[in-house]
1. Let's test the formula: R0 of 35 Å, r as the Cβ-Cβ distance of Gln187 and Gln73. What FRET efficiency results, to the nearest 0.05?
2. When only the heavy atoms of the protein chains count and the probe is 1.4 Å, how do Met276, Met367 rank by accessible area, highest first?
3. For the stretch 379-470, count all C-alpha to C-alpha pairs, find those more than 15 Å apart, and express that count as a whole percent of the total.
4. Leu94 to Glu63: extension gain in nm, 0.36 nm per residue of separation minus the Cα-Cα distance?
5. Which helices pass in the chain if a helix is a full DSSP H run, must span at least 30 angstrom along its long axis by Cα, and must have mean Kyte-Doolittle hydropathy not below -1.0?
6. Among Gly317, Ile419, Ala369, whose Cα projects farthest towards the positive end of the dipole of the chain, with charges put on the beta-carbon of Lys, Arg (+1) and Asp, Glu (-1)?
7. Which one, Val176, Ser243, Leu263, projects farthest toward the positive side of the charge dipole computed for the chain from Cβ point charges (K/R +1, D/E -1)?
8. Give me the number: length gained by fully extending Arg215 to Ser243, i.e. 0.36 nm times residue separation minus the C-alpha to C-alpha distance, one decimal in nm.
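The values are calculated or read from the model by the stated rules, or taken from the named source; none is laboratory data. Small disclaimer: the values here were computed from a predicted structure and weren't measured. Positions of Cβ are backbone-derived with ideal geometry, glycine not excepted, and every protein chain shown enters the neighbour counts. The area values use the complete protein model at the heavy-atom level, side chains included, leaving out ligands, DNA and RNA. Shrake-Rupley method; radii C 1.70, N 1.55, O 1.52, S 1.80 Å.
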Amino acid sequence: MPNQLTISSINVVFSEDEDVTTAKDRPVRPGELEDLGVSKEFLIANEFEGKLQQTLLLSRQEEVVIALGLGDQPLTAADARATAATLWHSTKHLDSLTSSLPLSIAAELGNETALQATVEGLLLASYRFDELKGTPEAEPKLDRINLLVADGVDSETALRKAEAVASAIALSRDLVNRPGGSLSALQLADEAVSVAENTGLEIEIWDKQRLLNERCGGIIGVNAGSLEEPRLVRMTWRPKGESRGTIHFVGKGITFDTGGLNLKTFEGMKEMKIDMGGAAAVIGAMSAIAAYAPDLTVIGTCCCTDNQPSPTATKPGDVLKIRNGKTVEVLNTDAEGRLVLADGLSIAVEDQPDLIVDLATLTGACMVALGQRYAGLMGNNEAAIAKVQTAAALANERVWHLPLPNEYRKQLDSEIADIQNIGSGRFAGALVAGLFLQEFVGESPWVHLDIAGPVTTDENEAEFVKGATGFGVRTLIEIVNNW
Ligand code: BES
Ligand code: MN
Ligand code: ZN
């Protein structure tokens, strides 16, 4: 279980049952500063203007009052989460908290969204990865939170969804934060099995023998240097009634990327436990699907193995045969993500889905181009691209559309196989990787998200905590919600 505040600490209070003005935090608009019962001079002296995410602690006799700025622009759900995260950080040392934040922002966001966003912000901000600490740090004290909401809000649904999303993101963060030595392909698959057991999703796991029988030469080839078996995970949400369509998510699940025989340097290798971030996003999103119960078929496929050098490893120049029959000359064993995804995408295509989205920490080049905040987005279908962009915007996850130029495709021409796994040129590494993947999706509408940058963050900010972000989980959930 991820270490994060749970929903059991949260108590919803309907505003009719409580005098709202006594709420022990007071979200304020810049125009309402007078209502706080302290002088404007005092607030100005403390540089509190009610700006978004500004806080000011006011101690009064027995209780602490926190002025929480809401700014003067309409709030988005993402602003609300960030504001709730700020509230968590300024009150986590207290025993209990009563907040009217969901009520204060209900007019602009709607009651349920306001409550859901507040709860998500509180839960996510409290996330900590401490399962490997020998001496545990002190737990934050705050575990009784009363949230004031408008009368008649369907608080149960809002809380259930908040819990589902926050746990999905926490799970994804835990999987990414876990070192390679603590998360083999087998262990990653076991995590997916637990998710399926808890949510009632269908699950199928392919072991090495099954992958061989199924002709998954990409995954088998990347796994060739490893002492651990590979796994392919396939999770399925099937609606009770008729299905309106099929969406297939595919995740890169390299539990540790040494580069293989094309061994990475110290600098390049030290963070490579994050190389299953795509699979973590898919497993996380699948864990939340049941809470939304869409009338769609949603499939999540994760291609899991580590990438190791060894006398048995795939050697530069070796040729692998992918599930769909195409052969690949492996000129660089460090371009392994596209090899496992080639199998995963070939499988996804087989059920003729309405949309395929793959997520992968695929290229350093994408980070060079877009930095740590933006995922690179590429695709073969305008409508599919637009859908994923809309979902990402709703999720407040930054994506940037990059091209898949036909002119660059010839860089992947191989002398001896159908295609080679790296481009012959020096440039546009993220696009060349995208062009490689495109060879395995046929005519299916497909979008590729290169999440090498946003899979982690170096900053504690809003509801994000240093380390894994859970990037992608929200976008995938929104794709399903808005289909
Ligand atoms: N997992 C890496 C990409 C990566 C790099 C993710 C940095 C996150 C941070 C991927 O398998 C890889 O090694 N890509 C190579 C491709 C190259 C050999 C064509 C790269 O980006 O250098
Ligand atoms: Mn690599
Ligand atoms: Zn990799």
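1. Values: r = 45 Å, r/R0 = 1.28.
Rounded to the nearest 0.05, the efficiency is 0.20.
2. Values: Met276 0, Met367 75 Å².
Order by accessible area, largest first: Met367, Met276.
3. Numbers: 2809 of 4186 pairs.
Tail of P(r) above 15 Å: 67 percent of Cα pairs.
4. On the way: separation 31, 0.36 × 31 = 11.16 nm, distance 1.01 nm.
That works out to 10.1 nm of additional length.
5. Numbers: long enough: 155-177 (32 Å, 0.22).
In the chain, the long hydrophobic H runs are 155-177.
6. Gly317
7. So the residue furthest toward the plus end is Leu263.
8. Once the chain is fully extended between Arg215 and Ser243, it gains 7.1 nm.
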